[in-house]
1. How much net charge surrounds I152 when only the other residues with a Cβ under 11 Å from the Cβ of I152 are counted, with Lys and Arg +1 and Asp and Glu -1?
2. Could you pull the Cα extents of the stretch 60-140 along its three principal axes, largest to smallest, in whole Å?
3. Report for the chain the percent antiparallel among DSSP-assigned beta bridges with both residues inside it, nearest 5.
4. Using just the alpha carbons, could you tell me how many Å³ per residue the convex hull of the stretch 174-260 encloses?
5. Based on the Cβ-Cβ distance of K145 and A10, what FRET efficiency does E = 1/(1 + (r/R0)^6) give at R0 = 35 Å, to the nearest 0.05?
6. Please give me the summed charge of the neighbours of D88: other residues whose Cβ is under 15 Å from its Cβ, Lys and Arg +1, Asp and Glu -1.
7. For a bin width of 10 Å, list the pair-distance distribution of the stretch 140-294 built from all Cα-Cα distances, rounded to whole %.
8. Expressed as a rounded percentage, what relative contact order does the chain have, with Cα pairs under 8 Å and six or more residues apart?
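Derivation of every value follows stated rules applied to the coordinates shown; laboratory data play no part. No experiment lies behind these values; they were computed from the predicted model shown. Every residue, glycine among them, receives a Cβ derived from its backbone with ideal geometry; neighbour counts consider all protein chains shown.
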Amino acid sequence: MNNADDQTCAFDYNTAFSRNLGLVQPEEQDKLKHATVAITGLGGVGGVHAVTLARMGIGNFHIADFDHFELHNFNRQSGAMMSTLGQDKSAVMEKMILDINPDAKITSFDEGINRSNIDAYLDNVDVAIDGLDYFATEARDIFYKATYSKNIPVVAAGPIGFSTALLIFEPGKMSWHDYFAMDLAKSEFDKYVLFALGTAPKATHLSYMDRKYVNLEEKRGPSCAAAVQLCAGVTATEVIKLITRRGKIYSAPWFHQYDAYKSKYVKGKLRWGNKGPIQRTKFWLFKKIYQKHG
């Protein structure tokens, strides 16, 4: 078949995703086709999650983002291109998903998530993904309280340095709020520090990250496409495991970080989350460091 024929042929789900077979069984691919995944945030990690899961054959999406694409998004965000500058992220990513799978069913929340729409956003969702901006503390609080109460598992992978830091939160197990010990926070700055400490407790990236480009109070820090791509791979794999119910899930208080720059993978367990004595000590130490150098 030549290129012209490729462009005019009708879409067929089974053919489009046939090369997944061997890694998933036909009945498992059917589960992916009928599953609904919620992707919260469509920027750095959220956009590449959408594209990756569309290529895995996920058939139903709830997507949420209130933002639009800007030039400073170009270094890492899948939907950020000259042709999409100024366009809504939700609209762009919806189009990209449908360009991969025209049969996909997408419910878009272009105002992002909030207290008034969170129930509709999570309606009939099988797995939710945290693709929110690092500093979106209020939205993240709403998101995790709702997913936990509705027994929806959450996969979260953060691009840190040249690494991905992975956490999974399953129904009935340690919650996001308990793991990060957000009750210790007395300010938004405290929440940023607690989030960083719990996301990557071993912090393999610190030895090569230039701290002068990190300013938590100004809500900025470095992030790159290489790390975002790593996040998409591990997130999609965990989503598939959760939907097909095959493969072991190491959910919180287990944490994972794979650092491609150091060729290093670490996995550990914070039995008490950030409330443990070592994490508490790090919390006070890191507060001083980043307040001084931020």
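1. -2
2. 35, 34, 18
3. 50
4. Residue-normalised Cα hull volume stands at 120 Å³.
5. For K145 and A10, the calculated efficiency is 0.20.
6. Once positives and negatives cancel, what remains is -4.
7. 11, 39, 39, 11, 1
8. This gives 18 percent for the chain.
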